[in-house]
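Colleague: Let me begin by handing over the structure; questions about it come next.
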């Protein structure tokens, strides 16, 4: 057997070609700038439309079972969604606004308490061990350096935020149109994709697309159920203990729970701060409520809703979140899990196809 026909040699050649292509693309990346801008512009509306697609599709399927035409069902769903959204704003909006305004108005009082604590610290340094003072001084210097660097970025951040907000509003305007065609033409997606492959691979491609669809749908629908559960439990718990800004903090906890593992820690931080200024003993109550909510979610809700469908080990999720955060920040943490689930389906089918071919070849 010649050297060029060996498996390891062809593998090395393939790797070298891939690296060469990556290098050349990096050298001429200015050519792809328009494509990158085009993709970035469409990413947000298609992402939002995709999330709503998986949330609305079960309802549209249910309406079709009762003989409601698909396009009429979509329009009815739009009207129902708009009605619920307006009702939510009218019912919950004033409460959230009032709690938010109260929180902003109480910030000076919180700062006053912090200043009193600093003054007490300065007047009682003799009674405090040296290692504690060194740790506090180091923390204060770190905060001061970061505050100074952050203040220099405020101007540029405000400009970019306003520009991003305008772009986001424009993106929201086209989401309903994208979603309409995604819902009405959803049966055409798989046949259109299979056209790019040989007819002998049609069943395999459909199986891959079906499993990917189930993985993404399970994740999105599961996250909605889990986050809603966390929000309701936190709201009930905060109301029972009488925590200030309970609705605002519960909504914050529901939103941050979209980020696996890290979300609960982010959710409890503002609640603990509020509890500290309201009554220090309430920190214990807030921690107990968050612990109960997370234990119920991790042991009852998540395994039932998402665990069986995605079948991802908790350690793998932690590593993926770290990678996603380093690659794309908060958005990367949110999207890395469904991306991994889709990639896992693709690798699984590829491995099965390769194994079948190898068995046939051996026979």
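Colleague: Return yes when residue 220 is surrounded by 16 or more Cβ atoms within 10 Å (Cβ to Cβ) and part of a helix (DSSP H, G or I) and no when it is not.
Modeller: The answer is yes for residue 220.
Colleague: Any residue at all in segment 120-143 that's at pLDDT below 65 and under 29 Å from the mean Cα position of the chain (by Cα)?
Modeller: Looking through segment 120-143, at least one residue is at pLDDT below 65 and under 29 Å from the mean Cα position of the chain (by Cα).
Colleague: Let me ask something additional. All but one of (1) over 25 Å from the mean Cα position of the chain (by Cα); (2) in a helix (DSSP H, G or I); (3) closer than 29 Å to residue 215 by Cα hold for residue 47, so report the exception by its number.
Modeller: (1)
Colleague: Which of the residues that make up segment 48-71 are without any contact (Cβ under 8 Å) to a residue 40 or more places away in the chain and touching a helix residue (DSSP H, G or I) at 6+ places or on another chain (Cβ under 8 Å)?
Modeller: 59, 63, 64, 68
Colleague: Within segment 235-254, can you find the residues that are out of contact with any helix residue (DSSP H, G or I) (no Cβ under 7 Å at 6 or more places or on another chain) and under 19 Å from residue 93 (Cα atoms)?
Modeller: Result: 236, single match.
Colleague: Right, here's the next one. Residue check: is residue 164 at pLDDT below 80, assigned to a helix (DSSP H, G or I) and within 24 Å of the chain's Cα centre (by Cα)?
Modeller: Taking the combined requirement at face value, the residue satisfies it.
The values are calculated or read from the model by the stated rules, or taken from the named source; none is laboratory data. Everything numeric in this text was worked out from a predicted model, so none of it was measured. Positions of Cβ are backbone-derived with ideal geometry, glycine not excepted, and every protein chain shown enters the neighbour counts.
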